[in-house]
Amino acid sequence: MTIDAGLRASCETHLGFPHHGVETASDHLRAVADYMDSEGLDAEMYLGGPMVAALEAKIAGLLGKPAAMWCPTGTMAQGIAARIHAGATGRKTIQLHPTSHLELHEERGYHFAHGLDATLIGEWSSPLGADDLQPAAACAFIEMPQRHNGGALPSWEALQAIKARARALDLPLHLDGARLWSTRPFYDDRSYAGICDGFASVYVSLYKDIGALGGAVLAGEADFIAEARLWMARLGGCIVSPVPMVPDALRLIDRRLELMPAFVQRARALAAALSGIDGVAVTPDPPHVNMLHLRVPCDAATAGRARDEAARQTGVWLGNRFWDLEGGAVCSLEITAGEALLDISDTRLAEAVSVLARHVAGAAIRPGQTAEA
């Protein structure tokens with residue numbers, strides 16, 4: 001889908017990524033430099049200095065794991081996790097939900113880079129459940145929240161059943177927690193450590209909800225992370241300097257985690273404002289995390305044209321991409337609440353979505369047919 005960059009730039013309000021407001025790259029880098037100066041931080045080489053150690057220790061503590069490793073990308077971190085579990089179990093198959101990032105967005109790196117195969121388990125439209133887990137696999141990946149289902153989560157009881165079933169099958173669990181940071185409100189403010197308990201390994205992103213310039217963290221037992229460091233070096237991840245990604249994560253993580261409950265509440269308020277608009281549907285309703293999907297009954301190209309019309313009429317850019325994963329009959333717009341969304345009125349956003357819905361409805365009318373027909 002081609003994006004009209006000029007139209008997007010002309011809009012006063014943006015709901016696409018980045019979710020914490022639009023700033024120039026140079027402004028972001030200046031903020032990192034100011035933070036480093038204020039904290040007395042300086043250059044480090046090959047991920048072996050105090051900045052990296054401080055970030056790893058902080059996130060290991062949050063997740064309740066003995067050790068953690070910063071990694072340049074989540075794709076690298078999760079491939080390493082799968083490979084280590086395969087080596088430990090002697091099994092070459094991992095279990096993935098059909099919407100897993102590893103299956104849809106990584107060109108099957110688990111196979112071509114790591115020599116593994118995948119079994120897809122569960123239903124496309126639902127989070128994984130205990131009954132979906134199968135025996136005799138290297139590990140099962142559990143994505144929480146599940147992005148392509150609008151940020152859906154299993155209930156706390158369902159999550160405990162998943163963990164119990166995995167123990168019974170002697171099946172290691174890996175938590176794809178790219179957006180884990182927004183899950184606590186759904187789980188009655190239980191700690192991240194409590195949520196992650198029972199997972200052999202956990203990955204979290206530092207740019208998706210935290211808003212840092214990049215990077216990920218993989219956490220687990222000490223021997224697991226020691227082996228992960230070897231694989232990161234072998235795969236070219238031991239970069240020469242952690243700047244600016246690591247200090248940016250240190251700069252932002254406490255602030256964004258403190259705001260996370262407000263982001264979740266903002267997503268729920270927006271969902272309530274949009275759910276009454278004819279021609280669109282919100283899922284999950286209410287949202288489980290700070291994300292929701294706006295489902296539109298058309299293909300992604302039609303939805304993109306409708307988004308552009310809404311932008312022209314209202315000055316609101318609703319998002320960059322529509323997910324067209326269900327055969328063209330319906331597509332989804334992902335909306336994530338961050339700092340940028342906190343100060344935008346529901347009325348303004350509902351107006352833009354209403355324009356989008358009317359445009360989609362008009363596109364569905366056959367030539368010669370009226371809207372009342």
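The values are calculated or read from the model by the stated rules, or taken from the named source; none is laboratory data. Because the structure is a prediction, the values reported are computed rather than measured. Every residue, glycine as well, gets a Cβ built from its backbone with ideal geometry; the counts of neighbours run over all protein chains shown. Side chains included, ligands, DNA and RNA excluded: accessible areas come from the protein's heavy atoms. Shrake-Rupley method; radii C 1.70, N 1.55, O 1.52, S 1.80 Å.
Please go through (1) within 20 Å of W181 (Cβ to Cβ); (2) β-branched (V, I, T); (3) exposed (fewer than 14 other Cβ atoms within 10 Å of the Cβ) for T24 and return the number of the only condition it doesn't satisfy.
Result: T24 fails condition (1) only.
Can you name the condition, by its number, that A361 falls short on among (1) out of contact with any Gly (no Cβ under 8 Å at 6 or more places or on another chain); (2) open to solvent by 20 Å² or more (accessible area, probe 1.4 Å); (3) more than 21 Å from A5 (Cβ to Cβ); (4) not in a loop (DSSP other than H, G, I, E, B)?
Of (1) out of contact with any Gly (no Cβ under 8 Å at 6 or more places or on another chain); (2) open to solvent by 20 Å² or more (accessible area, probe 1.4 Å); (3) more than 21 Å from A5 (Cβ to Cβ); (4) not in a loop (DSSP other than H, G, I, E, B), only one is false for A361: (1).
Considering only residues of the range 214-231 that are in a helix (DSSP H, G or I), open to solvent by 10 Å² or more (accessible area, probe 1.4 Å) and in contact (Cβ under 8 Å) with a residue 12 or more places away in the chain, which is nearest to A200 (Cα to Cα)?
My answer is F224.
Among the residues of the range 295-313, write down those that are touching a Leu at 6+ places or on another chain (Cβ under 9 Å), within 16 Å of V282 (Cβ to Cβ) and either of a type outside the set (A, V, I, L, M) or open to solvent by 60 Å² or more (accessible area, probe 1.4 Å) (or both).
R295
Return the only residue of P242, P185, P247 being modelled with pLDDT of 95 or more, open to solvent by less than 40 Å² (accessible area, probe 1.4 Å) and farther than 27 Å from A43 by Cα.
P185
Pull up the range 259-276, narrow it to residues that are free of Cβ contacts under 8 Å to residues at least 24 places away in the same chain and touching a strand residue (DSSP E or B) at 6+ places or on another chain (Cβ under 6 Å), then point me to the one that is surrounded by the most Cβ atoms within 10 Å (Cβ to Cβ).
That would be A271.
Within the range 187-194, can one find any residue that is assigned to a helix (DSSP H, G or I), within 19 Å of S100 (Cβ to Cβ) and aliphatic (A, V, I, L, M)?
No, the range 187-194 contains no residue that is assigned to a helix (DSSP H, G or I), within 19 Å of S100 (Cβ to Cβ) and aliphatic (A, V, I, L, M).
Limited to the range 125-164, what total is found for residues that are without any contact (Cβ under 8 Å) to a residue 40 or more places away in the chain and open to solvent by 30 Å² or more (accessible area, probe 1.4 Å)?
Qualifying residue count for the region: 14.
Looking at the range 324-338, which of its residues are open to solvent by less than 20 Å² (accessible area, probe 1.4 Å) and not polar (S, T, N, Q)?
C331, L333, I335, A337, G338
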